Structure formats: C-alpha cells, structure tokens
1. Going by what's in this entry, would Ser178 be described as within 16 Å of the ligand (Cβ to nearest atom) and among the polar types (S, T, N, Q)?
2. If I go through segment 232-247 residue by residue, how many of them are outside any helix (DSSP H, G or I) and either more than 16 Å from Lys42 (Cβ to Cβ) or aromatic (Phe, Trp, Tyr) (or both)?
3. What are the residue pairs meeting all of these: first residue in segment 169-194, first residue in a helix (DSSP H, G or I), second residue hydroxyl-bearing (Ser, Thr, Tyr) and buried (at least 18 other Cβ atoms within 10 Å of the Cβ), Cβ atoms under 9 Å, and 6 or more apart or on different chains?
4. Among the residues that make up segment 196-206, is at least one of them of a type outside the set (A, V, I, L, M), within 16 Å of the ligand (Cβ to nearest atom), surrounded by 23 or more Cβ atoms within 10 Å (Cβ to Cβ) and part of a strand (DSSP E or B)?
5. Out of everything in segment 27-61 that is closer than 24 Å to Met188 by Cα and among the β-branched types (Val, Ile, Thr), what residue ends up being farthest from the ligand (Cβ to nearest atom)?
6. Go through the residues of segment 160-172 one by one and say whether even a single one is among the charged types (D, E, K, R) and either farther than 15 Å from Gly83 by Cβ or modelled with pLDDT of 95 or more (or both).
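The values are calculated or read from the model by the stated rules, or taken from the named source; none is laboratory data. The structure presented is a predicted model; accordingly, all values stated were derived computationally and were not measured. Cβ sites come from the backbone with ideal geometry, for glycine too, and all protein chains shown count toward neighbours.
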Amino acid sequence: MNAIDITNVHKHYGSLHVLRGLTLSIPKGECVILLGANGCGKSTLMRCINGLAPHDQGDIRIFNESLSQLSKPRLRTLRQKVGVVFQQFNLVQNVSVFQNVLYGALGQQRLGLLSTLSCTASQTLRERAMKSLDRVGLAHKALASCRELSGGQQQRVAIARTLMQDAHIIIADEPIASLDPKAGREIMDLLLEVVSERGLTVLCTLHQLELAQQYGDRIVGMKAGTVVLDTPREAAALSDMQALYQGDTRVEQTPSSSTTRQPLKAI
Ligand SMILES: Nc1ncnc2c1ncn2[C@@H]1O[C@H](COP(=O)(O)OP(=O)(O)OP(=O)(O)O)[C@@H](O)[C@H]1O
C-alpha cells in the first residue's frame with residue numbers, strides 16, 4: 001500500500017501558483033529525499049501533505065484516505081499519523097525536554113493539553129515519553145530546559161516527539177540545515193534507524209546531494225512547483241541532481257500555464 005498518493009495537486013498563495021499539477025506516490029516504508037532549489041515549493045508540498053495548508057486542486061491521499069474528503073475529527077486522527085521534523089526544531093523552549101516529548105501525544109485518543117502536562121499525564125504516557133527519549137539517547141536530559149540543548153540534541157527531542165506521536169509517516173523539512181556536518185549525519189543516522197525499526201515512511205528535504213544519495217531509497221527532484229526527477233538512489237546521477245539548481249527553479253520565475261487554473265465563470 002502507498003503511504004502517500006499525490007495526484008495532480010495545485011496550490012496557490014494568492015496569485016502565486018506554487019504547486020503546479022504535482023504527482024507523487026510513496027510506498028509504505030520508503031525513504032524519499034526531496035531535492036530542489038529554494039522557493040521551488042518543497043515546504044508547501046509538505047504543508048499540504050500534513051494538512052497544514054489545504055491544496056486547491058487535485059488529490060492527496062494518506063494511507064488511501066483523501067484529505068479533502070475527510071471530516072474534521074477524521075482529519076485530526078490522520079494528521080496524528082504524520083510526524084513533522086523542522087529545520088528550527090519547533091520545540092517549546094521554556095519547558096522541559098520531557099514535556100516537549102509528551103506534547104507528541106497531544107491529539108491522541110482526544111488527549112488534551114491538560115492530560116499531556118507532566119503533572120497530570122498518566123503513568124503510561126510518562127513511560128512512553130521516557131522510552132522515546134531513551135531511544136534518541138537523551139533520557140539523562142529529560143528535566144533540562146530545551147534552550148540548554150545543542151541544535152543536534154534539540155533535533156533528537158523533535159524525533160522523540162514524533163515517536164511519542166506514534167507517527168507512521170515522517171515529514172522532515174531540512175532537518176539538518178542548522179547543524180554542523182557531523183551533527184547532521186548523526187541526526188540522519190538516527191532518523192533512518194528509528195524509521196527502519198518501525199517501518200515508517202519518510203519524505204525528507206535536504207540540500208546536500210551526497211547525503212541524499214546516502215540516505216534516500218529514492219530521490220525526487222522539484223523545479224518550479226513540479227516533479228522533474230524521480231529515481232532510485234542507485235540510478236541517481238549527480239549531474240541530474242545538480243541540474244535541479246540551475247535555470248528557472250523558483251515558482252516566481254516561471255509563469256504558470258493558463259491551463260492549470262480554471263478561470264471563474266461569468267455569471
Ligand atoms: N504562507 C505563504 N504565503 C505566501 N507565499 C508563500 C507562503 N509560503 C511560501 N510562499 C511562497 O511560495 C514559494 C515556495 O515556497 P516554499 O517555502 O514552498 O519553497 P521551498 O522549496 O520549500 O524553499 P526553501 O528551500 O527556501 O525552503 C515561495 O515563493 C514562497 O515565498
């Protein structure tokens with residue numbers, strides 16, 4: 001079964017046509033590295049997949065459920081299956097590491113904010129949070145405040161939070177962009193380890209071509225809002241990947257085709 005099916009998806013921000021008939025399927029358990037120059041629409045695609053930004057046209061299916069046809073409660077449940085790891089970690093800085101991991105359970109079985117505050121969280125939740133932290137090698141930092149951690153450690157907390165969330169898909173938007181090369185590789189190693197232990201599906205953007213070849217099962221390249229490269233890792237040619245960063249790469253540089261947006265009908 002495919003974890004993600006994206007068919008002919010369009011997304012506009014006002015007059016800016018960002019996703020332009022994008023089609024991509026990702027089988028369950030596959031790790032796809034998404035490449036493309038700044039501004040080509042990668043983050044927008046990720047936001048559409050996890051329901052943060054609704055797409056305008058086309059279809060996005062998560063485990064064969066179409067996002068645009070779901071009721072709000074069902075959409076919430078489905079979004080719980082999609083864990084997100086950001087470049088800037090997106091942790092709550094003034095609470096503990098442990099608390100941040102507990103937040104991963106928000107939304108599970110209608111758990112509200114109160115039941116995920118450490119003072120009221122159930123023993124089971126607390127144990128799961130500690131296990132998740134242990135898995136990323138940070139059990140000893142459970143009571144530290146996030147702002148005391150290095151970038152690499154903060155990204156480990158973000159990964160522990162997705163484990164707590166029991167996500168089936170991980171969307172990682174430049175997860176190592178703010179880390180040094182060694183810490184970046186450590187995070188990619190950890191991410192890929194937990195993903196293969198649990199059979200998770202990954203869509204991860206990177207800007208380092210050699211890491212894309214090392215970590216992806218498959219490499220997908222975007223240019224100006226569409227997929228222009230889709231290849232298994234073994235067949236990925238460096239020149240094809242480099243070409244993604246040449247010419248008109250950003251959506252602003254490329255006028256959208258008149259066939260992609262239906263004009264409003266005159267009444
Ligand atoms: N919320 C928004 N409102 C308006 N325009 C947006 C919004 N988010 C992104 N854009 C625009 O959409 C285009 C694509 O942005 P997006 O962030 O998806 O690209 P990207 O490929 O992820 O770039 P980067 O590698 O720099 O993160 C850009 O021109 C950007 O300015």
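1. Values: within 16 Å of the ligand (Cβ to nearest atom): yes; among the polar types (S, T, N, Q): yes.
Yes: the conditions hold for Ser178.
2. At the first step, the residues of segment 232-247 found to be outside any helix (DSSP H, G or I) are 232, 236-237, 244-247.
After this cut, where a residue has to be either more than 16 Å from Lys42 (Cβ to Cβ) or aromatic (Phe, Trp, Tyr) (or both) as well, the list is 232, 236-237, 245-247.
The number of residues fulfilling the criteria is 6.
3. Met188/Tyr215; Asp189/Tyr215; Leu191/Tyr215; Leu192/Tyr215; Val194/Thr162
4. Step one: filter segment 196-206 for residues of a type outside the set (A, V, I, L, M), giving 196-199, 201, 204-205.
With the extra rule that they be within 16 Å of the ligand (Cβ to nearest atom), the set shrinks to 204-205.
If we keep only those that are surrounded by 23 or more Cβ atoms within 10 Å (Cβ to Cβ) too, we end up with 204-205.
So of that shortlist, the ones also part of a strand (DSSP E or B) come out as 204-205.
Looking through segment 196-206, at least one residue is of a type outside the set (A, V, I, L, M), within 16 Å of the ligand (Cβ to nearest atom), surrounded by 23 or more Cβ atoms within 10 Å (Cβ to Cβ) and part of a strand (DSSP E or B).
5. Among those residues, the one meeting the criterion is Val32.
6. The answer is no, given that none of the residues of segment 160-172 is among the charged types (D, E, K, R) and either farther than 15 Å from Gly83 by Cβ or modelled with pLDDT of 95 or more (or both).
Yes/no matrix, rows are residues, columns are (1) at pLDDT 80 or above; (2) in contact with an Asp or Glu (Cβ under 9 Å, 6 or more places away or on another chain); (3) surrounded by 15 or more Cβ atoms within 10 Å (Cβ to Cβ); (4) within 22 Å of Leu206 (Cα to Cα):
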{"position": "Ala224", "(1), (2), (3), (4)": "yes, yes, yes, yes"}
{"position": "Val227", "(1), (2), (3), (4)": "yes, no, yes, yes"}
{"position": "Pro232", "(1), (2), (3), (4)": "yes, yes, no, yes"}
{"position": "Asp240", "(1), (2), (3), (4)": "yes, no, yes, yes"}
{"position": "Leu244", "(1), (2), (3), (4)": "yes, no, yes, yes"}
{"position": "Thr254", "(1), (2), (3), (4)": "no, yes, yes, no"}
{"position": "Gln262", "(1), (2), (3), (4)": "no, no, no, no"}
{"position": "Lys265", "(1), (2), (3), (4)": "no, no, no, no"}
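Table: residues versus (1) modelled with pLDDT under 90; (2) over 18 Å from the mean Cα position of the chain (by Cα).
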position: Ile49; (1), (2): no, no
position: His55; (1), (2): no, no
position: Leu75; (1), (2): yes, no
position: Gln88; (1), (2): yes, no
position: Asn94; (1), (2): yes, yes
position: Phe98; (1), (2): no, yes
position: Ala139; (1), (2): no, yes
